[in-house]
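The values are calculated or read from the model by the stated rules, or taken from the named source; none is laboratory data. From a predicted model like this one, the values you see are computed outputs, not experimental measurements. Backbone-built Cβ (ideal geometry, glycine too); neighbour counts: all protein chains shown.
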Amino acid sequence: MPLVIRMARAGTKKRPFYHIVVADSRSPRDGRFIERLGFFNPLLPKEKTERLTWDIEKAKVWISKGAQPSDRVMRFLDAAGVMKRTVRNNPEKAVPRKERKAAAEAAKAAEAAAPKAAPKAAPVATPAT
């Protein structure tokens, strides 16, 4: 049973509120969970301590049992100093889509224009009978 520490959405429309839960990875996002670790309110300012309230010790116990944190929960653990989040880099994200598309088409055209040099096959000699 692969476990994951993730957020389950609660709250009303356009007023998100998330519970941090330990759940089976196959269960739905807002469905069945094993244990609730805390909650996260993204509508509060970042300076408020009530924005994120959760039991880090319980999270450590679940991680030691093999639970994998989601990306957002990994950010919370990194901020708390529990785990180190790997640095992600997407250099294409900064390039506008039109430029990426033009560069891809130019590369495709250059590939099509370049003649493919096929190795010449040597004539095969068959033994005379």
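Please indicate, with yes or no, whether at least one residue in the range 103-116 is more than 17 Å from residue 21 (Cα to Cα), at pLDDT 90 or above, in a loop (DSSP other than H, G, I, E, B) and not hydroxyl-bearing (Ser, Thr, Tyr). No; the residues of the range 103-116 include none that is more than 17 Å from residue 21 (Cα to Cα), at pLDDT 90 or above, in a loop (DSSP other than H, G, I, E, B) and not hydroxyl-bearing (Ser, Thr, Tyr). If you go through the range 83-98 and pick out every residue that is touching a residue at least 12 places away in the same chain (Cβ under 8 Å) and either surrounded by fewer than 10 Cβ atoms within 10 Å (Cβ to Cβ) or over 25 Å from residue 73 (Cα atoms) (or both), you end up with 0. For the range 64-82, a tally of residues being in contact with a helix residue (DSSP H, G or I) (Cβ under 7 Å, 6 or more places away or on another chain), farther than 9 Å from residue 6 by Cβ and not in a helix (DSSP H, G or I) returns 1.
Scanning the range 43-75 for residues that are surrounded by 14 or more Cβ atoms within 10 Å (Cβ to Cβ), touching a Pro at 6+ places or on another chain (Cβ under 9 Å) and free of Cβ contacts under 8 Å to residues at least 40 places away in the same chain returns a single hit, 51. For the range 2-59, a residue qualifies if it is basic (Lys, Arg) and within 21 Å of the chain's Cα centre (by Cα), and the qualifying residues are 6, 9, 26, 29. Among the conditions (1) modelled with pLDDT of 95 or more; (2) farther than 13 Å from residue 9 by Cα; (3) among the hydrophobic types (A, V, I, L, M, F, W, C), the only one that residue 40 does not satisfy is (2).
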